[in-house]
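Each reported figure results from applying straightforward, stated rules to the coordinates on display, with no laboratory input. Computed from a prediction, not measured in an experiment: that's the story for all the values here. Using ideal geometry, Cβ is built from the backbone for each residue, glycine included, and neighbour counts are taken over all protein chains shown.
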Amino acid sequence: MTAAGWSVPEPERIAAIERRLEAADDGQAVLATIVHVDGNAYRRPGATSLLTPEGDGFGAITAGCLEDDLLAAAADVRDQCRPQLVTYDLLDDDEDVWGLGVGCNGRIEVLLEPLSAAYRPVVAAYHEGRDIAVCTVLEGLKGDRTEAGTEPGPGTKTKTLEQGDRLYYHPEQESFSSPDGTSEPDTWPTDRLAGPAEQLADRGRADTVEIDVDGQSTRVFIDGFASPNELVIFGSGHDVGPVAELGAKNGFRVTVVGFRGAVDLEERFPAATRTVTTAPARFTDEIDLGPRTYTVVMTHNFLDDQLTVASLLESDLPYVGLMGPTERFDELLEGLSADGPELTEAALERLYTPIGLDLGDGSPYGIAHSIIAEVHTVANDRSPRHLRETAGHIHERVDVGAPFSSDS
């Protein structure tokens, strides 16, 4: 796997998957997904890499120590046209099969499965900005299932779940669908999957749950895909470029808004998903400001900044970042108070100015890094600090509750 493929941001990984789906080469590319981790690992469950028959990979699931081995395992999956669950035990470096001492002190389970049209709903949800959870069987469940307290008979439904079987949960409709579009497939214990699927979709996290069905135990991996966070940058100066670029590389869907029609925003900011040219008083007509929208105001024009910030603070945006020194903001705030109602304390708490974390680097990319880092801390509800000051795990552990059981 090349370094360029290993390090691609999420939008490029999704684009690579979409290209393979459009090429209709079902089963030739293989999707590798971390489904369970004991101990420590570079990535957490839900991290995915697309492995192609040409030996390329898109997306990182380890620091690079397992990718070559995964490419070899993917060839076997491709030949057999069926999923495979592989385990890498790196808890003991003495048994490190690579002899490189690269263990992460963790036991990692990776699901390898042929990429097929069954993955299209995930791509569609990503493009449409919808949450979705993907439920995948890790261990098959076979046999006759009956109503609780009854014996198998002529009316018994034979329900089989094979490794790799998939089901989608749609939070907006509070419903499930299968890859062929069937609503509420009765093969699955959907009543026990709905709760964790909703939680994980909302948080954009993944976890494996163990479900007991009529005395039989199976494991289902639930991968939650939250709609991408939006980063809206107001400004058309060249310093917007690094912020847009780093925002895109960090998985944000980036929109650049300019207030000067003479600038070709699309050409100047190729990293942006969307560009909009409008006026400070009218940008809300063209841009949806939702709970996952983070905004950066860097027009370098006092009046434009003032009008933009005033409109942004009328919404419930979690983050409004404003470029400029404290003295300039004090003057801007005086103007806002004189022209309208005084801003509430709650509104001001969502305003970050001077923008960014104190990283001590005043270069264009250093400033951009400080801005995107601050947006990340707000989006992930974290307080900036050195990881060495963090007790316990550095990655968030997901807990969707105790094991689920079903009598039907």
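Values for this structure:
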{"read-out": "Semi-axis lengths (Å, descending) of the ellipsoid that matches the C-alpha gyration tensor of region 193-320", "value": "40, 16, 10"}
{"read-out": "Radius 15 Å from Cβ of Asp361, net charge of other residues (Lys, Arg +1; Asp, Glu -1)", "value": "-3"}
{"read-out": "Efficiency of FRET between Arg382 and Leu348 - r from beta-carbon atoms, R0 22 angstrom, step 0.05", "value": "0.60"}
{"read-out": "Estimated FRET transfer efficiency when R0 is 35 angstrom, pair Glu172-Asp38 (beta carbons, to 0.05)", "value": "0.55"}
{"read-out": "Placed amide H near Leu141: partners under 5 Å, 5+ positions off or other chain", "value": "Leu161, Glu162"}
{"read-out": "Ile287, Ile222 arranged by Cβ crowding within 10 Å, fewest neighbours leading", "value": "Ile287, Ile222"}
{"read-out": "Potential extension, Glu18-Ala75 segment - 0.36 nm per residue separation minus Cα distance", "value": "18.5 nm"}
{"read-out": "Efficiency of FRET between Ser337 and Asp68 - r from beta-carbon atoms, R0 60 angstrom, step 0.05", "value": "0.45"}
{"read-out": "Region 279-325: relative contact order as a whole-number percent, Cα under 8 Å and 6+ apart", "value": "47 percent"}
{"read-out": "Per-residue Cβ neighbour rank within 10 angstrom, fewest leading, Phe225, Phe234, Phe302", "value": "Phe302, Phe225, Phe234"}
{"read-out": "Ranking of Ser370, Ser178 by count of other Cβ atoms within 10 Å, fewest first", "value": "Ser178, Ser370"}
{"read-out": "J(HN,Hα) series, region 224-231, from Karplus relation 6.51 cos²θ - 1.76 cosθ + 1.60, nearest Hz, glycine and proline x", "value": "x, 10, 7, 4, x, 5, 9, 10"}
{"read-out": "In order through region 235-250: 3J(HN,Hα) via Karplus (6.51 cos²θ - 1.76 cosθ + 1.60), integer Hz, x for Gly, Pro", "value": "x, 9, x, 5, 6, 5, x, x, 5, 5, 5, 5, x, 5, 5, 9"}
{"read-out": "Mean Cα-pair separation over length for region 206-359, i.e. relative contact order, pairs under 8 Å, 6 or more apart, %", "value": "17 percent"}
{"read-out": "Viscosity 1.306 mPa s, 10 °C: Kirkwood-radius Stokes-Einstein D of region 230-383 over Cα pairs, µm²/s", "value": "103 µm²/s"}
